[in-house]
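Data block below; observations after.
Laboratory data are not the source of any read-out in this text; all were calculated from the coordinates shown. Fair warning: this is a prediction, and the values are worked out from it, not measured in the lab. Please note: Cβ atoms are built from the backbone with ideal geometry, for glycine as well, and neighbour counts cover all protein chains shown.
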Amino acid sequence: MAGTSAGIVAGLTAAAVATVGFLAFQAQSAAPASPGGRPGPGASAASAAAKAPRDRRNPTALPRGSGTGERVVYSVDDDRVWLVDERNRVRHTFRVTPGTLDPLPGTYWVSSRSNAVTGTDGLPIEHVVRFTSVDDVAIGFSAAVGDGSPAMADPGVKTGGIRETRANGNLMWQFATIGVPVVVIR
């Protein structure tokens, strides 16, 4: 009887290991390419060098090639953000003031949020929406608490805050929840 029990246990263990392996494979296939705020597979060096095409007659129009579905699009060259819904309609677009560090072009995901903190520049900020880091400095959107205008970054300090007005910070806070894609373009 002891030999039979050992065979049953071995068979059940092998079946459990196979099931876990299969489920892990399925989860990997269904998960976003990089939910943790790292560039996704579209962030190759070749795609990073190209500037997304613009509509010259309407400079605030959403650039072609900036993805599909619900997302935040951020142009590091134009200092502009577009909040795009699941039907590819621009809900809001506005200018921003970047920090001293820019993220590389690519697709990221909102990885953390804070209602109110102190920024790397020492200013109190609110509605912080983070999506990556550069040189160990968090990169994200935020609004400086104060008169409502975005603060200018000190070029001597490494800052990753992409500053918005308080009104635009409220819009970003409502739109960009954890897991929402952030597409960074030139």
TODO: Before anything else, pin down the relative contact order of region 60-180: Cα pairs under 8 Å, at least 6 apart, normalised by residue count, whole percent.
DONE: 24
TODO: Just grab the label-to-label distance for Val134 and Asn170, each label 7 Å out from Cα along the Cβ direction, in nm (one decimal).
DONE: 3.0
